[in-house]
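Structure first, then comments.
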Amino acid sequence: MVKKATYGKYLNGPIAGHCMKIAVGSVNPSKVDAVKEALKLYSSLAEAEIVGLNVASGVSDQPKTSQEIIEGAINRAKNAYLHTKCDYGFGLESGLNEYPLAGHMVFTVCAIYDGQDYHLGFSPAFKCPKAIYRTMQQENVNLNDACHKAGFTANPEIGKSEGIIGILTKGRKTRKDYTKDAIIMALIHIENRF
């Protein structure tokens with residue numbers, strides 16, 4: 001039986017007899033599926049085994065600063081990497097950050113850990129509706145729960161499906177879609193070796 005040749009630290013260097021394994025620091029279906037779909041765009045990663053793991057982010061349930069979002073993604077990537085024998089640990093963290101002139105923007109960060117370095121990418125960002133942000137503040141709940149409580153969705157687990165972005169864009173962009181964008185941005189650093 002011939003083993004598949006896949007790739008180690010960088011996407012361009014084969015290691016004969018090695019099947020790549022990717023550990024995702026989440027069991028959220030929208031995050032795990034985003035990794036699976038994004039990696040299919042790379043011939044060297046398309047056949048990788050991808051496993052979702054329930055790991056700690058080390059940040060609050062609802063990150064509200066860019067620093068906290070980045071730290072959560074990094075922690076998830078490292079914890080996934082350390083939890084199982086794999087080639088890469090992927091961490092995905094979503095949250096809000098307040099920007100001058102723009103208000104509270106929602107985005108996702110992808111961190112990829114290779115055992116030595118972190119490779120970061122960001123999704124596009126969109127403005128959080130004031131009613132949802134107000135509900136988050138008044139009831140001390142996360143974005144998912146605030147969307148439900150504010151009446152934007154009947155789905156109490158919107159973050160595991162289309163996300164608030166899916167509702168706001170009328171399905172033109174889903175949480176999985178914009179999470180894939182963050183993954184592809186993080187893979188730029190690995191693919192191009194800088």
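A few notes on this one:
- Taking 4 °C and 1.567 mPa s as conditions, the chain diffuses translationally at an estimated 76 µm²/s according to Stokes-Einstein applied to its Kirkwood radius (Cα pairs).
- Tyr99-Asn54 FRET efficiency (beta carbon distance; Förster radius 22 Å; 0.05 resolution): 0.10
- If only the Cβ of Lys and Arg carry +1 and only the Cβ of Asp and Glu carry -1, the dipole of the chain around its Cα centre is close to 340 debye.
- Set of lysines with alpha-carbon distance to Lys64 below 24 Å, sequence-local pairs under 8 removed: Lys31, Lys78, Lys127, Lys130, Lys149, Lys160, Lys173, Lys176, Lys180
- Distance between segment 155-171 and segment 25-48 - C-alpha centres, whole angstrom: 20 Å
- Modelled label positions at Phe194 and Lys21, each set 7 Å beyond Cα in the direction of Cβ, lie 3.3 nm from each other.
- Separation in nanometres of the label points that stand 7 Å from Cα toward Cβ, at Asn142 and Glu157: 1.2 nm
- Helix content alone sets the calculated 222 nm mean residue ellipticity of the chain: runs of n ≥ 4 DSSP H residues at -39500 (n - 2.57) each, divided across all residues, give -11000 deg cm²/dmol.
- Rolling a 1.4 Å probe over the protein heavy atoms leaves Phe152 with an accessible area of roughly 70 Å².
- As a rough guide to protection, the peptides 52-62, 110-120 ranked by mean Cβ packing within 10 Å, highest first, stand as 110-120, 52-62.
- Computed 3J(HN,Hα) for segment 132-145, one whole-Hz value per residue from the Karplus formula 6.51 cos²θ - 1.76 cosθ + 1.60 where θ = phi - 60°, is 6, 4, 4, 5, 4, 6, 5, 9, 6, 10, 7, 4, 4, 5, glycine and proline marked x.
- Extension reserve of the Lys85-Gln67 stretch, reckoned as 0.36 nm per residue once the Cα distance is removed: 3.7 nm
- Taking trypsin sites (Lys or Arg not before Pro) across segment 74-139, the ones in a DSSP loop with at most 12 further Cβ atoms lying within 10 angstrom of their Cβ are Lys85.
The values are calculated or read from the model by the stated rules, or taken from the named source; none is laboratory data. This one's a predicted model, so the numbers in the text were calculated from it and none came from an experiment. All Cβ positions, even for glycine, are placed from backbone atoms using ideal geometry, and neighbour counts span all protein chains on display. Protein only, heavy atoms only, side chains kept; ligands, DNA and RNA dropped before computing areas. Shrake-Rupley method; radii C 1.70, N 1.55, O 1.52, S 1.80 Å.
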